[in-house]
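The values are calculated or read from the model by the stated rules, or taken from the named source; none is laboratory data. A quick note: this is a predicted structure, and the numbers were derived from the prediction, not measured. FYI the Cβ positions are ideal-geometry reconstructions off the backbone, even for glycines, and counts take in every protein chain you see. Just the protein is used for accessible areas: all its heavy atoms, side chains included, with ligands, DNA and RNA removed. Shrake-Rupley method; radii C 1.70, N 1.55, O 1.52, S 1.80 Å.
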Amino acid sequence: MQVIRNGLVLIEDELKPCDILFDENEIIDIQEHIEGDYPEIDAKGCAVLPGFVDVHVHLREPGHTEKETIETGTKAAAHGGFTSIFCMPNVIPFPDNTETMKDYLHLIDEKAVVRTYPYACITKQEASKEVVDMKSLSQMGIHWFSDDGVGVSTREVMKQAMEQAKDCDAMIVAHTEDMAYRKPGASVHESEVTAQKGWLGIPSACESAQLIRDLGIVEEVGCKYHACHISASESVEALRQAKQKGLDVTGEVTVHHLLLEDKDVQGPNWKMNPPLRSHADRMALIEGLENGSLDFIANDHAPHTQEEKNKPMDKCPFGIVSLETCFSLLYTQFVVREKRWTLAQLVNYMSKKPAERFGLEKAGQIKKGYQPDFVIVDLNEEYVIDASQFESMGKNTPFNGWQVFGKIKQTIVKAQTVWKANYIKINRIYEKV
Ligand SMILES: [Zn+2]
């Protein structure tokens, strides 16, 4: 058993000075002072939060280890305070059957430093032709299916997928994108601002039209459905209406869509799919999250090599890395500067709500009997984001050089420290020890 001492612990939406006693399975006790001579973690001056949960991560391995590996991607998660992540199935070979899934789970077991839950594909090879055998995959403990990276292009196939998902109580997790709306080379939101820069745009309907189609099928079939990286106000409205009808649907929003707009785009490190949209869209996302039309925050961490991102806007791949900057960016903007959210609200969006929706048992909160997964954060420490210090192999971030508050000091998964700050503070300049 171990104890975390001297920290301010987030319990039931409040920071309280408490000690936490835990073993490798669960939190055993939480009290103002816990007696006993246990090995100690000193959280003096820091907040102790439940480990963050991210349902949308691209680890790239197997298949694209030049971009990221399970080891580097999960270390990046640990550095960002994430203790549970869900990895998208657009790897090679696709985990679209029990054989490849078995190999994938084996790799994860061997290499991941945080709890890592793989998605299986919705369709074989993410080709929108043939639905995978969800039943056999769900018998392996895989309850989340996604073709992320692409939309499921035909209604009939999506309907079959939802029927199967319903039968095995699994969830469809959809990247919605109707390619009829996306011209070759389109790389940003379709708007006046981006047209002035000579870039070809992707309209909001590219996302919302397919989302509206999917929500119609959910209404017919009645399965669990989660919408990935919502970017457009029309999509927020569609989810609001679906929830009003009582459908079992949720939606996530990414850090970059909450913080950036089309006018901010400067080059390939601002290119992601879906793209950064208008100011009105961004406001709709923030309000949607606050009023429950959207549910929680995800990263869509999408590493690429420098070489790929050095290509021009129309040729470089979509995606940015985000795991290592998520908490500090959101804490700085919405809690410290705008005072729009409380710390507890932000942590609920990053831990409790995704854990609940994705059925992680006893995760996402600091409570007796819950998982011993914590992140220790110095909320007052100010620092400058430096991509060269990322654990991720991907350095493709639009947030390099941003000044933020809230430094992750230590991340603990299953009672083990998986990341610890190796920086010492010398007059506000950070030197690697
Ligand atoms: Zn996606």
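Is it fair to say Asn269 is modelled with pLDDT of 95 or more, within 15 Å of the ligand (Cβ to nearest atom), out of contact with any Leu (no Cβ under 6 Å at 6 or more places or on another chain) and open to solvent by 20 Å² or more (accessible area, probe 1.4 Å)? No, not satisfied. Looking at region 88-103 only, could you name the residues that are surrounded by fewer than 16 Cβ atoms within 10 Å (Cβ to Cβ) and either within 16 Å of the ligand (Cβ to nearest atom) or not β-branched (Val, Ile, Thr) (or both)? Residues satisfying the conditions are Pro93, Glu99, Lys102, Asp103. Whether any residue in region 219-237 is assigned to a helix (DSSP H, G or I), in the same structural domain as Thr176 (by TED's automatic domain parsing), open to solvent by less than 10 Å² (accessible area, probe 1.4 Å) and more than 16 Å from the ligand (Cβ to nearest atom) is what I want to check. Looking through region 219-237, none of the residues is assigned to a helix (DSSP H, G or I), in the same structural domain as Thr176 (by TED's automatic domain parsing), open to solvent by less than 10 Å² (accessible area, probe 1.4 Å) and more than 16 Å from the ligand (Cβ to nearest atom). Can we say Ala180 is under 30 Å from Met313 (Cβ atoms) and either in contact with a Leu (Cβ under 6 Å, 6 or more places away or on another chain) or within 16 Å of the ligand (Cβ to nearest atom) (or both)? Here the answer is no, as Ala180 does not meet what is asked.
Here is the figure for region 17-73: residues that are of a type in the set (S, T, N, Q) and in the same structural domain as Met393 (by TED's automatic domain parsing) total 2. Considering Leu323, Leu346, Leu329, the condition of being in the same structural domain as His56 (by TED's automatic domain parsing), within 20 Å of His58 (Cβ to Cβ) and not in a loop (DSSP other than H, G, I, E, B) is satisfied by Leu329 alone. For His257, the conditions (1) free of Cβ contacts under 8 Å to residues at least 40 places away in the same chain; (2) open to solvent by 10 Å² or more (accessible area, probe 1.4 Å); (3) within 16 Å of the ligand (Cβ to nearest atom) all hold with the exception of (2). Taken together, the criteria exclude Ile108 from residues that are part of a loop (DSSP other than H, G, I, E, B), β-branched (Val, Ile, Thr) and more than 16 Å from the ligand (Cβ to nearest atom). Residues being within 16 Å of Glu207 (Cα to Cα), open to solvent by 10 Å² or more (accessible area, probe 1.4 Å) and not in a loop (DSSP other than H, G, I, E, B) are represented in region 283-296 by at least one member. The single condition from (1) loosely packed, with under 15 Cβ neighbours inside 10 Å; (2) within 15 Å of Asp96 (Cβ to Cβ); (3) under 24 Å from the mean Cα position of the chain (by Cα) that Lys129 fails is (3).
Taking the criterion of being aliphatic (A, V, I, L, M), in a loop (DSSP other than H, G, I, E, B) and within 16 Å of the ligand (Cβ to nearest atom), the only residue of region 38-87 that qualifies is Leu59.
The listed residues are Ile142, Ile172, and the only one of them that is away from the ligand (no atom under 16 Å from the Cβ), among the β-branched types (Val, Ile, Thr) and either assigned by TED's automatic domain parsing to the domain that holds Lys124 or open to solvent by less than 10 Å² (accessible area, probe 1.4 Å) (or both) turns out to be Ile142.
Of the residues Ala112, Ala127, Ala120, which is of a type in the set (Gly, Ala, Ser) and under 26 Å from Ile412 (Cα atoms)?
Ala112
The requirement of being under 20 Å from the mean Cα position of the chain (by Cα), on the phi < 0 side of the Ramachandran plot and in the same structural domain as Thr325 (by TED's automatic domain parsing) is not satisfied by Lys159.
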